[in-house]
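Please treat every number below as a calculation from the coordinates, not as lab data. Keep in mind that what you see is a predicted model, and the values were worked out from it rather than measured.
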Amino acid sequence: MRNKLRTIVCILFACVCIVTNAASPSVERLMELPPFERAVLIIKHYETLHRPKHWPTIGYGHVVQPGEPYGKGVRLTERQADALLRKDLRKFCAMFRKYDADSLLLACLSYNCGPYRILGNGRDIPKSRLLRRIEAGDRNILADYLSFCHYKGKHHSGIWRRRWIEYQLLYKTG
């Protein structure tokens, strides 16, 4: 059942990429890509290339931090944005490395939500239920993963779809 569902999700994701003219591999090859490359494709599809009017968000959803060399109105090329996305995603993967098979899934979520929504900050933001389950060895995390689909306090169906696709293409059993 899970493999059938994964196949359906891959087909739907590929169709969405094709309809939106995004560069995407064929359906058969999507699951043959390394998981990191699948994560990059998902992020690129949902973030799109931000324009100068979206500052301080640049590239594919990178939020400019104090001290970074990106001034207001900067417009990154696709190649620069891709490099920045990969750098950020690797940073988040390293942050969650101790979670082994779940590190990429958590990194992808952090890329969109920020790591402290998952890790907590030790003060006013508690560690997420998702992370507590993973740490306890509970592999039944779908509902907790899908719960990260709110924008400005309201459920957002587009973000829910993104989480569903991330889970289907990046979650590893066992």
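Observations on the structure shown:
- The aspartates and glutamates whose alpha-carbon is closer than 17 Å to the alpha-carbon of LYS44, local same-chain residues fewer than 8 away aside, are GLU78, ASP82, ASP88, GLU166.
- Working note: Karplus 6.51/-1.76/1.60 with θ = phi - 60° gives the stretch 158-170 the couplings x, 5, 4, 4, 4, 4, 4, 5, 4, 4, 5, 8, 10 Hz, where Gly and Pro are set to x.
- Under 21 Å from the Cα of LYS172 - lysines, other chains or at least 8 residues apart: LYS4, LYS91, LYS98
- Between the stretch 108-174 and the stretch 59-88, the Cα center-to-center distance that results, in Å: 24 Å
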